[in-house]
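Here the structure is laid out as C-alpha cells; the discussion comes afterwards.
The values are calculated or read from the model by the stated rules, or taken from the named source; none is laboratory data. This structure is a prediction, so every number in the text was calculated from the model and none was measured. Using ideal geometry, Cβ is built from the backbone for each residue, glycine included, and neighbour counts are taken over all protein chains shown.
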Protein chains: 2
Amino acid sequence: MTADVNRQWRVARYPKKEEVISPDHFDWTSEAIPEPEDGQFLVRTICLAPVPAQRGYLEKSHNSFLDNIDIGDVMRGRGVGQIVSSRHPDYAVGDIFVGSLGWQDYSIQHPRGAEFVFSTKKVKNPISPLSTELSILGQAGATAYFGLLEVGQMKAGENVLLSAAAGGVGSAAGQIARIKGAGKVVGITGSDKKCKWLVDELGYDEVINYKTENVGERIAELFPDGIDIFFDNVGGDILNEALANLAMHARIVICGFIATDYSPGPHSGPINYQFIVYKRARIEGFVVFDYWDRYEEAEQDLLGWYREGLLKNAEDEDDGLERMPESLGSLFTGGNTGVKICRVSPDPEIFIDD
Amino acid sequence: MTADVNRQWRVARYPKKEEVISPDHFDWTSEAIPEPEDGQFLVRTICLAPVPAQRGYLEKSHNSFLDNIDIGDVMRGRGVGQIVSSRHPDYAVGDIFVGSLGWQDYSIQHPRGAEFVFSTKKVKNPISPLSTELSILGQAGATAYFGLLEVGQMKAGENVLLSAAAGGVGSAAGQIARIKGAGKVVGITGSDKKCKWLVDELGYDEVINYKTENVGERIAELFPDGIDIFFDNVGGDILNEALANLAMHARIVICGFIATDYSPGPHSGPINYQFIVYKRARIEGFVVFDYWDRYEEAEQDLLGWYREGLLKNAEDEDDGLERMPESLGSLFTGGNTGVKICRVSPDPEIFIDD
C-alpha cells in the first residue's frame, strides 16, 4: 500500500549496549511527499533490507564504517524502489532504482557513486521479485562473494565452515561455496529448523546447532583434516573453537559480529590464537563497501547462478514499513532465515511473476 | 674447552605447563665420541642457540611444528660447529657447519635439505664470530626478515610496533624495519635497561616498558595514525591493545608467544577483534621453516647489512654446554637481550678477530 504522505522512522534515542533494537528507539512521523529539484528524482520505496551494520550507526562514538546518525534524522537504510517523478534526463518515471532510501515511503535521490551504502544503481533489467536486488544481488550476495572468493581465496575441494549460516550473508556464502566446488560445506546456526533448511534447501553438507550441540566436538568430528576456510559472522566462542581445528594455511574471513553485541569494546575471549602460527593461518577482516568498484564482477556471477537455479534467493520477508525496527532487531536475536527484507509497497505489476 | 668424551643433555621429564625450564628436566650424561660411517662426518659443537620453540618439543601432545622429543633422547637444538673427521667427499675436516647438532659436544652429521630445523649448511665464507650463523644469519635473522618483509609486506614509511623487541627475533626485526625505511619503529620490552639498549644501540625510535607503563595508552600516544605493522612475539594483552590501535589495512605478523606459556590451550583473552573488520586488518601466523628454500635471499641482504654496519649482531652469550637448560629457560623470563647463544667451545683461532 502506498501512502499519500511520507511516513518515516526517525532516530529517537541510541540503544544501550545490550538492548534489542525496537520501536522505542525511533519516532514514527509523517510529512508531505517531497518534490524533486533539477537533477533529482523521487523514489517510492518498495523494499528495505535491514543489515547488522545499521545498529552501529545508532551509537554515539562507534568505530564502525560510517558516521552515526543524529537524533531526529531519518534512519539510514538501503532499499529498492521505483521512480515516481523525475527532473533528471537519465532517470525516467517507472525506472527501478537501488540506493540509500532511508526508512521512509519516499525519498529524493540523485545518482551517486562512492561507497556501497550510499551508491545508487538504476536497475537495467529488473528481475522478479525486486527484493532480489537487496539480497543475493545486493549487499548480502556481494559480501558473501567477495568475502569467500577474494578475501578467503576459496579453492575447489577446500572444506568450509560458516557461522550465522542461515543469516543473509551466510546463506549466500554457503551456496557459493557449494557452487564453487567446496569439499565440505558446514553451517553453524541456532535452531533445528534452520539446520534442516540449510541442508534441504541450500545444499549444506552438514550443520551444527550451537544451542544444542557441543560446537568444538562437532567441528573436530566434521573436519578431521581441518577447516580450510572459516567464514565468520559471529566471533567469540565459535571463533575460538574454529581456531583449534584449522587446516594448514587456513583462512578466517571476518565480516561481522552478527550474533554478538555489535558495539565496540572487548568481546568474549579467550581465543586459541597459537594455532594461527602452528597452522600458518590468516585472519582477515573486510568490509564489502571496499569492493564497490568491482561490484559488477559479483553481479554477473550471482545473476548467472540465480538464473541457472544454482543460487537460491533465500529471503525472509516482514510486511510493512512500520515493522522496520523489529526487522533490524531480529537480526541480533536469530530471528531471520536468509536475508531479512521489509516490504514497504508491492512490486509494480509488470515485475510480478504470473 | 673441548671434552674428550661427548657430554650430552638428555630429556629426563617434560615440564609442567607453567614450569620454567631448568636442569631438572634433563639428565647430564656422557658417552664416547662417535665415529662417522661412509657419507657421514663428525662435528664438534662451537655454539648452540636455544629458541622458544624448543620448549614445545618437551610436551607430550603439543600442536607445535615438529614431533616432540622422547624421554631419554638427546635434546634437539640447532648449532654451529666444525668438522673434526669426515667420510664424506664434500665435507672436509676444518669446515664450518650449521645444523641440528643437539645439546652435546659432538654429533654425527650428513647433508640434509628439508626444513629449517633439520637442514644443514656448510658455511662457505665463515665470518667472525661464528655465532653470527645462529643469530642474524640464522633462525632469528631469517624469522625477522621473512616475517616483516614477506608476511607483513612492510613498505617504507609504515609505522611498526614490535613486542618482545629486545628478544632474538625482535632485535633483528626492529633493525630491519629501520633499514627498510619504516616511518616509526616502536619496541615493547620489559626493563628500562633494555629500552635504553633498543634506542641507543639498535635505532628504535620509541620504546614502551610493559612492566612500568600503560601499554594501551602509550601505543595510542605513539601511533596517532595507527599501527601499520605489529610484529608480535607475545600475544595476550599486548595483542589486544595493538588491535585497538590499528591503521587501515594493518598487518599483524604472529611468529610466537615467547612471553606467554608456550603450551597449547587457551591463552588470555579477550581480544578486540572487531577492529580486524573496521580496519580491514590481517593477522597472519608464520613459521620460518617454511621459507627454508628462500633462505639465500635473506642471507644475502642480512650479510650485506651486517657488513655495512647497518645491522648489529645483538647476541647474549652464556658460557658452557652445562648452561643450556637455563639458557632456554631464560627466554621465557625475559632473561635475554638479543639472540641467546650458548658457547660450547671457542671459535677456531682462524676465525677469531685480532
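Can you find a residue that is farther than 21 Å from B:Ser171 by Cβ and not acidic (Asp, Glu) anywhere in the stretch B:326-339?
Scanning the stretch B:326-339, I find no residue that is farther than 21 Å from B:Ser171 by Cβ and not acidic (Asp, Glu), so the answer is no.
When you scan the stretch B:164-179, do you find a residue that is surrounded by fewer than 21 Cβ atoms within 10 Å (Cβ to Cβ) and out of contact with any Pro (no Cβ under 6 Å at 6 or more places or on another chain), even just one?
Among the residues of the stretch B:164-179, at least one is surrounded by fewer than 21 Cβ atoms within 10 Å (Cβ to Cβ) and out of contact with any Pro (no Cβ under 6 Å at 6 or more places or on another chain), which makes the answer yes.
Criterion first (modelled with pLDDT of 95 or more, farther than 25 Å from B:Lys340 by Cα and surrounded by 15 or more Cβ atoms within 10 Å (Cβ to Cβ)) does B:Ile83 satisfy it?
It is false that B:Ile83 is modelled with pLDDT of 95 or more, farther than 25 Å from B:Lys340 by Cα and surrounded by 15 or more Cβ atoms within 10 Å (Cβ to Cβ).
Identify, please: which residue in the stretch B:214-236 is crowded, with 17+ Cβ neighbours inside 10 Å and of a type in the set (Asp, Glu) and is, among those, modelled with the lowest pLDDT?
Filtering first and then ranking leaves B:Asp232.
Looking at (1) buried (at least 17 other Cβ atoms within 10 Å of the Cβ); (2) over 27 Å from A:Glu150 (Cα atoms), can you tell me which one A:Lys196 breaks?
Every condition holds for A:Lys196 apart from (1).
Got a number for residues in the stretch A:194-237 being among the small types (Gly, Ala, Ser) and assigned to a strand (DSSP E or B)?
Matching residues across the stretch A:194-237 total 0.
Scan the stretch A:307-324 for residues that are within 16 Å of the chain's Cα centre (by Cα) and either outside any loop (DSSP other than H, G, I, E, B) or among the β-branched types (Val, Ile, Thr) (or both) and report the count.
5
In the stretch A:152-193, which residues are within 22 Å of A:Glu217 (Cα to Cα), in a helix (DSSP H, G or I) and either under 17 Å from the mean Cα position of the chain (by Cα) or small (Gly, Ala, Ser) (or both)?
Across the stretch A:152-193, the qualifying residues are A:Gly170, A:Gly174.
Mind checking which residues of the stretch B:79-99 are aliphatic (A, V, I, L, M), assigned to a strand (DSSP E or B) and over 24 Å from B:Phe289 (Cα atoms)?
B:Ile83, B:Val84
Just checking, which of B:Ile276, B:Ile341, B:Ile283 is modelled with pLDDT of 90 or more and within 14 Å of another protein chain (Cβ to nearest Cβ)?
Checking each option against the conditions leaves just B:Ile283.
Got a sec? Which of B:Gly102, B:Gly113 is among the small types (Gly, Ala, Ser), in a loop (DSSP other than H, G, I, E, B) and surrounded by fewer than 19 Cβ atoms within 10 Å (Cβ to Cβ)?
Only one candidate qualifies: B:Gly113.
Go through the stretch B:286-303 and report how many residues are away from chain A (no Cβ under 14 Å) and either surrounded by fewer than 18 Cβ atoms within 10 Å (Cβ to Cβ) or in contact with a Lys or Arg (Cβ under 6 Å, 6 or more places away or on another chain) (or both).
Final tally of qualifying residues: 7.
Would it be correct to say that A:Glu59 is over 18 Å from the mean Cα position of the chain (by Cα), in contact (Cβ under 8 Å) with a residue 24 or more places away in the chain and closer than 17 Å to A:Arg13 by Cα?
So A:Glu59 fits the description; yes.
Being surrounded by 14 or more Cβ atoms within 10 Å (Cβ to Cβ), in a helix (DSSP H, G or I) and not aromatic (Phe, Trp, Tyr) is the requirement here; does A:Gln54 meet it?
yes
What number goes with the only condition from (1) facing chain B (nearest Cβ under 10 Å); (2) modelled with pLDDT of 85 or more; (3) part of a loop (DSSP other than H, G, I, E, B) that A:Ala250 does not pass?
A:Ala250 satisfies every listed condition except (3).
May I ask you to list the residues in the stretch B:130-151 that are of a type outside the set (A, V, I, L, M), assigned to a loop (DSSP other than H, G, I, E, B) and closer than 21 Å to B:Trp197 by Cα?
Passing the criteria: only B:Ser135.
Looking only at the stretch B:121-151, count every residue that is over 30 Å from B:Ala242 (Cα atoms), under 17 Å from the mean Cα position of the chain (by Cα) and β-branched (Val, Ile, Thr) and tell me the total.
So the answer is 1.
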